[in-house]
Amino acid sequence: MDLSSFEADNSSSCRLASHIPEVCRTEDCCLGIDEAGRGPVLGPMVYGICFCPISKKEDLKDLKVADSKTLTETERENLFQKLDEAKSYIGWALQILSPNTISTSMLQRTKYNLNALSHDTAIGLVQYALDSGVQLKEVFVDTVGPAEKYEEKLSQLFPGIEVTVRPKADSLFPVVSAASICAKVARDRVVKDWKFAEDLGEVDTDYGSGYPNDPKTKAWLLKYMDPVFGYPQFVRFSWSTAQTLMDSKAATVHWDDDDEETGEKAAQRQNNRSMLSYFSASAGGKDHNPTRKTHRFFTERRLKSLNTL
């Protein structure tokens, strides 16, 4: 599994895929879909598919694949190796959704929640398999939201394919278990080797589980929260845990439309600075240092201060 394309830019999403077995282009195939990392506030969510000829279902079962959550990291790595070595009849593909992609999608003006993002990602992977020539006849999915509605949606989108959507499908169907293992192995590797674009110095990688209720995870979020610009891109800033910490610990920001008076006046009244002061030519007042390095938030977006329009 070569993750270099995602590691080169972990602020965006990335698709990885195995070689398509020739037999999957000529024989009727089954495909399983599952994800890893839906709940954590840290790191990406990874969607995975695994597919093989229907005639090879027993061979896949003989590999002893199981729900990735019931396996140790070593067991998952070993099983992924077996899946990858069975490339004569097993194929897989992954969609890595970066924390940045997840958060910006969920906070855009038009409502786009995690379930919708999950559905669209799964649909995109099925379409990728079809476009690659895989002769899909059966698709098994671990449900997101109501199983019946999701099953009906997929059946309408992919007529001629028998779609089965079930809760805990990763423990019911080996091909979904295989997809679960592929997704979990990819997420574990990405989280373990995450390259921080931000200049954070020597980063403490003891994140805990990454789940919002984990005290270690909360402590890590507090430690690496910038009071003005928030979190590194490793964090899903749309999660309520991240937002709550920002509300209680970060710098207060005044915008021009916050009060009847201007943001500048409101900030001065409270002995604070307006957000607009960061964009002014004299930002920082008397203490302004013209040689101070501009924060990456501005340089990445090519934002500069202007005296006139």
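Remarks
- Protection proxy ranking of 89-100, 111-122 - average other beta-carbon atoms within 10 Å, highest first: 89-100, 111-122
- Taking the Cα centre of region 3-193 as reference, the dipole from Cβ charges on Lys and Arg (+1) and Asp and Glu (-1) amounts to some 440 debye.
- FRET efficiency estimate (nearest 0.05) - Cβ-Cβ, residue 157 to residue 55, R0 25 angstrom: 0.45
- Using θ = phi - 60° in the Karplus curve 6.51 cos²θ - 1.76 cosθ + 1.60, the 3J(HN,Hα) couplings for region 40-45 round to x, 8, 10, x, x, 9 Hz; x is entered for Gly and Pro.
- Separation of alpha-carbon centers, region 125-187 and region 44-98, rounded to whole Å: 13
- Region 3-193 - percent relative contact order, Cα under 8 Å, separation 6 or more: 36
- Theoretical gain in end-to-end length, residue 120 to residue 211 [0.36 nm per residue, Cα-Cα removed]: 30.4 nm
- Unit charges at the beta carbon, dipole of region 3-193: most positive-side option, 94, 13, 128: 13
- Rolling a 1.4 Å probe over the protein chains gives residue 239 an accessible area of about 30 Å².
The values are calculated or read from the model by the stated rules, or taken from the named source; none is laboratory data. If you're wondering where the values come from, they're calculated on a predicted model, not measured in any experiment. Backbone-built Cβ (ideal geometry, glycine too); neighbour counts: all protein chains shown. Just the protein is used for accessible areas: all its heavy atoms, side chains included, with ligands, DNA and RNA removed. Shrake-Rupley method; radii C 1.70, N 1.55, O 1.52, S 1.80 Å.
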